[in-house]
Amino acid sequence: MLSSLLNLEISDVVPPDATKKTGARPVWERLALGYRILYAFAGFALLVLNVLIEKKVVDWDPMVAVWAACGVGLVALFDNVRLIKFKYDARERNAARARLYRPMFSALVALSDIREGIHVFDLGVSVFKISRVWFLWCGVIPWSEKRLVRIVRLRLSDSPNESNVRWTKGKGAIGVCWQSNVAVHHDRRADAATWGKNGQYPSEAQFADLQDDQKRGMNREEFIQTIDKYGEILAVPMVTPHKGEQLGVLSVDCLATAYAGPDSQSILQGEDIEAIAVRTARLTRDDVGKF
């Protein structure tokens, strides 16, 4: 099976829109849409003002219309430059995404080869970038904060879906890796056996009584959403080669269904597994900045 996988092209296993998001538009897109609507109104107002001045309906200096036209023209120039840059960056991102998939796919195959009996479809690799994310604070005020944003996810099976978790410092193996800048391994099988769907999801009171190393920095909704998905998660930092500046996090996960039980052998723990993850992070770090 592995030999046939190795002969596949990346395009055979990863659809072109594999990382395409659906749902509500990001805040910056909504702000940009609002700005362009205001720009259109400004252009219309400028036209009306010019007519009123020419017809002497208002006794204003004609230079008012001239300066207003210059202002609208500068805004239009800025908008066109921004659009050109966006299209150029989009091409760069698509090329970077194609390059990212190759070492990630090789990592999946290498991991399944090392751990006998583990199917490559049980494994997944994700790349997160440290980004400044804009959002509407209280639904009104534009605000920003640094978060880990998933830029690429590679899983050869259709499930599970991406976790709807806001990855901040200290949350899960991924957030702890960001916070500490060292490799982090979390084994969630024991907690899943007690608090997963085969046990009983914790109530609000029960969740409040859980230890910090059980909550992993998550709220109750995030805990319930993720507890049954993965048996283990390994996260390694992605850093620049010279200054050691952290760019993001690469995570490897294994489905909870791949294990015989909570006491069965670990799949993602070990120096050999970590070495593969670190090598993949090193091979993909140069393209993270394209996103």
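The values are calculated or read from the model by the stated rules, or taken from the named source; none is laboratory data. As the structure is a prediction and not an experimental result, all values here were calculated from the model. When we count neighbours, we look across all protein chains shown, and the Cβ atoms used for this are built from the backbone with ideal geometry, even at glycine.
Worth pointing out:
- Taken as a whole, the condition of being over 21 Å from Gln269 (Cα atoms), buried (at least 19 other Cβ atoms within 10 Å of the Cβ) and touching a strand residue (DSSP E or B) at 6+ places or on another chain (Cβ under 6 Å) does not apply to Leu123.
- Boolean, Ala190 is modelled with pLDDT of 90 or more and either surrounded by 10 or more Cβ atoms within 10 Å (Cβ to Cβ) or in contact with a His (Cβ under 6 Å, 6 or more places away or on another chain) (or both): yes
- Meeting the requirement of 1 or more residues that are within 20 Å of Pro262 (Cα to Cα), the helices (runs of 4 or more DSSP H) wholly within the range 136-222 are 172-180, 189-195, 212-215.
- Residues located in the range 198-243, provided they are over 30 Å from Gly289 (Cβ atoms), crowded, with 16+ Cβ neighbours inside 10 Å and among the aliphatic types (A, V, I, L, M): Leu210, Ile224, Ile227
- Taking the listed residues Arg91, Arg115, the one that is over 14 Å from Ala281 (Cα atoms), surrounded by fewer than 19 Cβ atoms within 10 Å (Cβ to Cβ), out of contact with any Leu (no Cβ under 8 Å at 6 or more places or on another chain) and basic (Lys, Arg) is Arg91, with no other qualifying.
- Boolean, Asp253 is touching a Gly at 6+ places or on another chain (Cβ under 7 Å) and touching a residue at least 60 places away in the same chain (Cβ under 8 Å): yes
- Candidate set from the range 246-291 (those that are more than 19 Å from the chain's Cα centre (by Cα), among the acidic types (Asp, Glu) and modelled with pLDDT of 90 or more); member that is surrounded by the fewest Cβ atoms within 10 Å (Cβ to Cβ): Glu271
- Failed item in (1) in contact with a helix residue (DSSP H, G or I) (Cβ under 7 Å, 6 or more places away or on another chain); (2) assigned to a helix (DSSP H, G or I), with Met238 passing the rest: (2)
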